[in-house]
Every structure is written in structure tokens, then in C-alpha cells.
1. Just the Kirkwood number for the chain, please: inverse of mean 1/r across all distinct Cα pairs, in Å, one decimal.
2. Summarise the accessible area of the chain (1.4 Å probe, protein heavy atoms) by the percent that is carbon and sulfur.
3. Can you tell me the length gained on complete extension of the stretch ASP436 to LEU22, counting 0.36 nm per residue apart and subtracting the Cα distance?
4. Could you give me the ³J(HN,Hα) list for segment 438-443, computed from phi with Karplus coefficients 6.51, -1.76, 1.60 and θ = phi - 60°, whole Hz, x at Gly and Pro?
5. Add +1 for every Lys or Arg and -1 for every Asp or Glu among the other residues with Cβ under 13 Å from the Cβ of PHE624, and state the total.
6. Got a sec? Which residues in segment 389-427 would a label at PHE534 touch, if it sits 7 Å along Cα→Cβ and we count backbone N under 17 Å?
7. In Å², and per residue, what accessible area does the chain have when probed at 1.4 Å with the other protein chains present?
8. Measure nothing fancy, just the Cα-based angle from helix 174-188's long axis to the longest principal axis of the chain, in degrees from 0 to 90, nearest 10.
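The values are calculated or read from the model by the stated rules, or taken from the named source; none is laboratory data. Source: prediction; values computed, not measured. Quick reminder, even Gly has a Cβ in these numbers, built from the backbone with ideal geometry, and neighbours come from all protein chains shown. These accessible areas exclude ligands, DNA and RNA; they are computed on the full protein's heavy atoms, side chains included. Shrake-Rupley method; radii C 1.70, N 1.55, O 1.52, S 1.80 Å.
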Amino acid sequence: MAPFAHTHSAVNRSQRWLTNALPHLIPLFLFIGFLALYVSTAARGYIVGGGAEAESMELQRAVVHNGIAHATSYPAYVILAHYFTRIGAALGGDPFTWVTYFSSLTVALALVVTYLTLRLYMRRTAAALAVMCFGLSGVMWHIATIAEVQGLHILTVTGILYLMARYQRQPEKTAFLEGAALLFGLGLANHRIILLWAPSAALIALGSGALRRLHLWSYVRLLAALALPLLLYYDVFFKVPAGVVYGLGTTFNPPINAYNALQIVFGYGQEGLLISPLPELWARIQLVGGFHLEFFTPFGVLLGALGIILFVRKQPLYGASLVLGSAISFAFFMTWRQDHKAFIYYAQSGLALIFGLACLADGQVRLPRFGRPLSLAVPLLALIPLLFAVGLPANNRAADRRGAEYYAAYASLPPQSVVFTGGWSPDHWIGLEAADNGYEIALFHDREATFIAAVANERRAQNVYLAHWMQMYLGMLSGQNPLLALGMGFGGTHTPFVQVVPRGDPRLAAEAESATQIGQAAATGIQLYSYSAFADDQGAYFTLYWRVVGEIPERFIPFAHLRTVDAEGNTTGLITQRDYPDPVRGYYPTSAWQAGETIRDTVFIAWTAAALPPPEQLRWVFGFVSPSTGERVGEVFLPFAAAARP
């Protein structure tokens with residue numbers, strides 16, 4: 001019996017230890033779970049995108065090469081993220097991806113700190129559920145999956161709030177206040193909107209009796225803690241002699257001098273980002289409020305608003321400081337001119353909602369027909385899967401390979417090519433990376449159509465291209481095309497770039513001669529002179545060389561089909577198609593073509609999910625439609641073997 005009793009006692013001790021330890025492991029579970037979620041959905045490699053992601057690639061280059069980012073340089077972020085990426089590189093990872101993983105890490109840590117703060121006021125279940133809602137919100141998930149300074153920023157904000165909560169409970173321990181000052185300094189060396197939370201911290205400090213407890217030496221230590229991280233700005237001046245500027249070619253041309261570095265530190269170029277919201281106050285409230293409704297859902301905002309009222313009643317000083325900081329942040333974001341980027345800051349203005357959710361989940365309501373109280377955590381149990389369902393498709397960036405596609409586009413260009421990138425764009429920074437890696441390309445950031453046309457006319461021995469963002473800056477993605485009026489033509493590519501050529505450029509005619517020649521009429525005045533093609537698992541890629549052989553009566557609309565045919569070659573069905581408004585990605589209408597001109601058009605046709613019929617029953621078909629009649633005016637059949645499915 002003794003061995004059995006001993007074993008039973010050991011099992012009981014293990015069970016008691018597990019029971020006691022499990023609640024304390026909740027922060028670890030939250031950290032691991034959200035870090036895994038963020039890393040699995042984070043963008044890989046070079047980041048391309050609009051809005052907040054427009055600057056991600058610039059930050060990636062600054063971090064990986066330990067350079068200088070755009071104003072205000074964010075030295076705390078650049079330095080910390082740089083050494084984190086060196087760990088990733090040592091482990092065999094892509095350093096550019098690890099820049100994004102740094103965002104995942106800092107946001108996951110911010111959630112743990114938020115949980116620890118909530119635990120000072122609420123039970124574990126309520127705190128954990130509120131943190132899960134916070135971590136799954138659109139804004140937190142977004143900044144955790146791109147290269148962005150806001151991950152480190154929200155970590156410093158939540159750290160300050162935690163230390164101030166501890167100080168409020170133990171005001172005799174000035175170490176909490178000094179720690180908050182240190183984090184404020186770190187925040188100022190990262191993103192200066194940390195100042196929006198200074199009134200909240202001051203309110204807690206004053207309400208906790210700081211004035212009567214602090215003496216002269218305490219103020220000296222506080223100022224020292226605040227100032228110490230600001231020395232990180234010296235890093236900018238340290239890098240000036242080497243001209244280590246990554247991504248700032250549109251602002252300063254390296255090497256820069258100390259005065260330029262000072263301009264960067266003090267926010268050169270950002271003075272026009274703030275506007276008065278008063279002339280359109282209601283529209284601004286709707287804009288910022290709409291983002292909060294999107295990120296936290298209307299249900300979450302309603303619950304959080306009700307909960308924060310309860311929290312202020314229970315904890316007047318700390319609750320009022322949360323509302324104050326969130327309200328100041330909300331008001332500030334209404335003044336931000338770059339609306340499409342400002343949404344990444346809204347995590348801090350939503351903090352009051354998260355505390356409200358936790359406070360609500362911590363409560364109970366007693367209903368007459370129930371014998372026991374009903375927990376108010378139930379609504380959060382419904383909100384969590386809702387946030388996940390909404391957030392996953394919007395924030396899963398792991399499959400986005402546009403960065404690799406853009407880099408491959410640069411790698412495929414002929415030597416000495418000129419690319420107009422538009423300057424401040426992912427296209428430009430990826431181009432800088434390609435140039436650093438030995439590709440002979442010249443990057444131009446000018447956005448004037450007249451200058452682009454002049455370069456294309458003068459440098460006929462070189463190939464001139466427009467990157468995707470340059471096409472956007474010229475209005476080409478929305479139907480405008482100022483280069484057409486300047487006598488420019490276009491050549492398609494199987495990349496995001498489009499070539500700019502003077503009309504009638506003889507190089508295109510020479511290319512057409514080296515392709516497979518067929519010389520078949522495709523429409524009145526238009527001949528499909530030759531083509532080349534290939535296929536991969538995604539679809540078929542055709543390079544078509546149209547030649548103008550006569551007068552073109554109208555602006556024809558091109559089409560590209562994969563059809564089924566009978567034994568006589570007659571069409572029996574349509575498998576898939578690619579219709580587009582004008583040739584060359586919609587940029588070069590047939591009404592602008594000139595007699596004798598050769599036009600390079602590129603077409604991609606994606607494979608269908610269904611299996612294809614036998615090759616002898618398939619044909620590729622290209623031609624044009626008359627917009628005035630809606631009828632096809634001509635078509636050219638090519639064998640399926642020209643680009644057969646692998």
C-alpha cells in the first residue's frame with residue numbers, strides 16, 4: 001500500500017501544481033498563440049501595397065542595411081529591428097521577412113502587456129477575452145503583418161499604461177514612474193505620437209500624489225530616464241559620413257550632410273500632414289469613427305463603450321486617463337491629412353474600448369428566471385470568432401508575392417534600362433535593392449509626363465519603362481494617359497511594367513521579325529504579324545506583334561480566347577477568355593496607332609480549374625470587336641500547342 005499511496009500523493013501534487021500554474025501561463029499562451037497567428041499571416045519578402053504598406057519596403061531597406069529611414073528616422077525601431085533581422089539571417093531566414101516578423105513580435109508582446117494591465121483590475125477570463133478581441137482587431141492584425149513602426153509604438157504605449165497602473169497602486173515606488181519615463185523616451189525615439197498619452201500619464205501621476213512625494217533628485221532621475229533613449233537620434237548623424245540613406249532618393253540625394261540629418265530628425269517634409277478638421281468636422285468624425293467600427297466591429301464598439309463607462313465608475317482616475325488618451329488620439333487622427341495611412345495608428349485610440357470590453361466581461365447580471373448570475377463574458381465569446389472571420393481574409397498577407405514579382409521584373413530588364421518609379425513607392429525601393437544587387441538599371445523618380453517623353457525620345461538606345469506606381473501617378477490606372485498626347489507609344493511586358501516607346505520605334509519591328517511569323521488579318525487595317533508564347537502552372541503568356549497595314553476605322557476592342565473547335569476548326573465552345581478595353585494593358589488604343597507601326601502587346605490567360613479537352617480540340621483565338629456594333633471584326637486562330645498547359 002505504501003508505494004501506491006506514494007504514487008497517489010505524487011499525482012495529487014502534480015495536479016495541484018498544474019492547477020495553480022495554469023492561470024499564470026495564460027500570458028505565455030496568448031503570446032505564443034498570437035505570435036504564431038501573426039507570423040503565419042505576415043507578408044513575406046519585399047512588401048508591396050497601398051496605404052500603410054506604401055512605406056513598408058522603405059522601412060525594410062532601412063532596417064536590413066541599418067540605414068536612415070524617412071523623417072523622423074525612427075532610430076529606436078531601425079536599430080532594434082536591424083539586430084532582430086540579423087538573428088533571422090543567422091538562422092537562414094530572409095532578413096526582409098524578419099523585419100515584418102519584428103512587427104509580429106512587438107504586437108504579440110503588446111498584447112501580453114495589455115493582459116497584465118487588465119489583470120490588475122479584472123479577472124483572468126475577462127482580461128484574456130478582451131486581449132483576444134484586441135489581438136484579432138483589424139488594426140492590430142494589420143500592423144503585425146507588415147513592416148511598420150506602429151508595432152513598437154503600441155508596445156511602448158501599453159508598457160507606459162501598465163507602469164502607470166502599478167504606480168497608482170504603489171505611489172511610493174517611483175521606479176514605476178521612472179520606467180514609464182524611460183518608455184516615453186523610447187517612444188519619442190520611435191514615433192512621436194507617444195506624446196498624445198502624456199496628459200494621461202500626468203493625470204495618473206498627479207492623481208496619485210506625485211507632487212508631494214517627488215523631490216529634486218526624483219525629477220533629475222525622471223528627466224534622465226526620459227532623455228537617455230533620445231540619444232538614439234545620434235545614430236542618424238553617425239551614419240551621415242557614409243551616406244547610408246536607404247529609400248530617400250526622392251528627398252535627398254546621398255551623400256547627405258549633417259544639416260540634412262537634422263532636417264530628417266525634426267520631420268522635414270511632414271509639415272503639411274496635419275489639417276484643421278473644423279471645416280469638415282462631421283466628415284472627419286465619420287472617417288475616423290468608421291475605421292474603428294471596421295476594426296472592432298459595431299458590436300465590439302458598442303460593448304466597449306458601455307464597458308468603459310462601467311470601468312470609469314469603478315476606477316475613476318485610471319479610467320479617466322484611458323478615456324483622455326483615447327479621445328486625444330481620436331481627435332488628433334481627425335487632423336491627419338493622409339487618411340489612407342492614418343488607420344494604422346488607431347490601436348491606441350481603441351485602447352479604451354478594450355478596457356471597456358474587459359470590464360463588461362468581468363461583470364455578471366442576475367435574471368429573474370435564472371437561479372445563478374449570467375456572465376457578461378458571453379458577448380465576447382461571440383465577438384472573438386466574428387473578428388477572426390472578418391480579419392483572416394483581410395490580413396492574410398502570406399500569399400502576396402508581388403514584391404518578388406517586382407524584383408523579378410527588374411531582373412528581367414535589358415542592361416541600362418531606365419525605369420520611372422514615381423519616387424516614393426515600393427517600386428522605387430525594390431529597384432534600389434535590384435541595383436544594389438548588380439542589375440544595371442537607372443531609376444528616375446520624376447513624375448512629369450513631358451520629362452518621361454523627352455527621355456524616351458532622347459534615349460532610343462535604351463529601354464524606358466513605367467513601374468506600376470508611376471502608371472498610377474500619371475492617372476493611367478483610371479483611364480488617363482498624358483503620354484499619348486505627347487506622341488508616345490507603348491509596349492507590353494509580362495511584368496507590372498509597361499515600356500514607353502516613340503511611335504514607330506524600329507526596335508519593335510526588329511523584335512517582331514524574330515518571333516513566329518503568321519501575317520494574318522485581325523481587323524480592318526490590323527495584322528497579327530507574329531507572336532511568341534509560353535505557359536506555366538498559372539496560365540498562358542502571349543506576346544503579340546500587331547502591325548498597322550492600313551487605315552483603322554475605329555477604336556477596336558481586343559479579345560483573347562481559349563476555345564473548343566470541331567474537326568473542321570469551327571468554334572464549338574469557350575473555355576476561358578481575357579477581354580480588355582485597349583491593347584497594351586489598356587494604354588494604347590488602336591485609334592492612336594500609325595501606319596506601318598508595330599505594336600508589342602502582351603496577354604495572360606489564366607487556366608481554368610477544370611480539366612481541358614484534348615489538345616486537338618483546342619485553339620487560341622485573338623482578334624478585335626467593333627464597339628459600334630458589338631460584333632467581332634476579325635480573329636486569328638493559333639494552335640493550342642503554342643502555349644500548352646504543362
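1. On the way: mean 1/r = 0.0350 Å⁻¹.
Here the Kirkwood hydrodynamic radius works out to 28.5 Å.
2. Values: 17410 of 27910 Å².
Exposed carbon and sulfur together represent 62 percent of the surface.
3. So the extension gain works out to 144.0 nm.
4. Couplings: x, 6, 8, 9, 10, 9 Hz.
5. -4
6. Under cut-off, by backbone N: 405-415.
7. Numbers: 27910 Å² over 646 residues.
Roughly 43 Å² per residue, with all protein chains present.
8. Its long axis makes an angle of about 10 degrees.
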